[in-house]
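In what follows, a structure is listed as structure tokens, so that the remarks can point back to it.
The values are calculated or read from the model by the stated rules, or taken from the named source; none is laboratory data. Owing to the predicted nature of the structure, the values given are computational and were not obtained by experimental measurement. Every residue, glycine as well, gets a Cβ built from its backbone with ideal geometry; the counts of neighbours run over all protein chains shown. Surface areas here come from the heavy atoms of the whole protein model, side chains and all, with no ligands, DNA or RNA. Shrake-Rupley method; radii C 1.70, N 1.55, O 1.52, S 1.80 Å.
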Amino acid sequence: QVQLVESGGGLVQAGGSLRLSCAASGSIASINVMGWYRQAPGKQRELVATITSGRSTNYADSVKGRFTISRDNAKNTVSLQMNSLKPEDTAVYYCHIRPQWAPDWGAYAYWGQGTQVTVSS
């Protein structure tokens, strides 16, 4: 089992910034992928950004150039720096971790409880 605890959500005006953080604990695979997904009301959960143990990153097109994902392997933490926020970034953001060989969804993937990000216009 893996536990993920998120922090850092909140309310911000358009153009502002927020930083999300997530700490993982438990039985964590040494080679893994950590990331962030988000779900807006009435929409499916979507990938925001991921980062591997080797620090290879992947971003959704909608956040490229505005969001930056980073991690601390020693502390098993992942962060998401969100700049130039837009109202359409409003969603519940979920931290995610899986072994690198495992699919994003399934028995080997773990999710945080979610943190609300609201961007006002």
Is the range 92-105 home to any residue that is touching a Ser or Thr at 6+ places or on another chain (Cβ under 6 Å), surrounded by 14 or more Cβ atoms within 10 Å (Cβ to Cβ) and not in a loop (DSSP other than H, G, I, E, B)?
-> yes
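Okay, residues lined up against (1) more than 30 Å from SER121 (Cα to Cα); (2) in contact (Cβ under 8 Å) with a residue 12 or more places away in the chain; (3) not small (Gly, Ala, Ser):
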| site | (1), (2), (3) |
| --- | --- |
| SER7 | no, yes, no |
| SER17 | no, yes, no |
| ALA23 | yes, yes, no |
| GLY35 | no, yes, no |
| GLN39 | no, yes, yes |
| THR57 | no, yes, yes |
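Take TYR110 and tell me if it is open to solvent by 20 Å² or more (accessible area, probe 1.4 Å), closer than 15 Å to GLU6 by Cα and in contact with a Gly (Cβ under 9 Å, 6 or more places away or on another chain). Before the answer, list the steps.
Numbers: open to solvent by 20 Å² or more (accessible area, probe 1.4 Å): yes; closer than 15 Å to GLU6 by Cα: yes; in contact with a Gly (Cβ under 9 Å, 6 or more places away or on another chain): yes.
Considered against the rule, which asks whether it is open to solvent by 20 Å² or more (accessible area, probe 1.4 Å), closer than 15 Å to GLU6 by Cα and in contact with a Gly (Cβ under 9 Å, 6 or more places away or on another chain), TYR110 comes out as yes.
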Return the only residue of GLY42, GLY26, GLY15, GLY54 being small (Gly, Ala, Ser) and closer than 15 Å to TRP111 by Cβ.
-> GLY26
Across the range 28-45, which residue is nearest to THR118 (Cα to Cα) among those that are open to solvent by 20 Å² or more (accessible area, probe 1.4 Å), in contact with a strand residue (DSSP E or B) (Cβ under 6 Å, 6 or more places away or on another chain) and at pLDDT 95 or above?
-> ALA40
Return a yes/no flag: does the range 63-76 have any residue that is outside any loop (DSSP other than H, G, I, E, B), closer than 17 Å to GLY112 by Cα and touching a residue at least 24 places away in the same chain (Cβ under 8 Å).
-> yes
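If I filter the range 46-62 down to residues being in a strand (DSSP E or B) and of a type in the set (Ser, Thr, Tyr), which single residue comes out as surrounded by the most Cβ atoms within 10 Å (Cβ to Cβ)?
Our first condition is that a residue be in a strand (DSSP E or B); within the range 46-62, this holds for 46-52, 57-59.
From what's left, of a type in the set (Ser, Thr, Tyr): 50, 52, 57, 59.
Details: THR50: 21, THR52: 15, THR57: 13, TYR59: 18.
Once the filter is applied, the top-ranked residue is THR50.
Return yes when SER25 is open to solvent by 40 Å² or more (accessible area, probe 1.4 Å) and not β-branched (Val, Ile, Thr) and no when it is not. Full working, then the answer.
On the way: open to solvent by 40 Å² or more (accessible area, probe 1.4 Å): yes; not β-branched (Val, Ile, Thr): yes.
So SER25 fits the description; yes.
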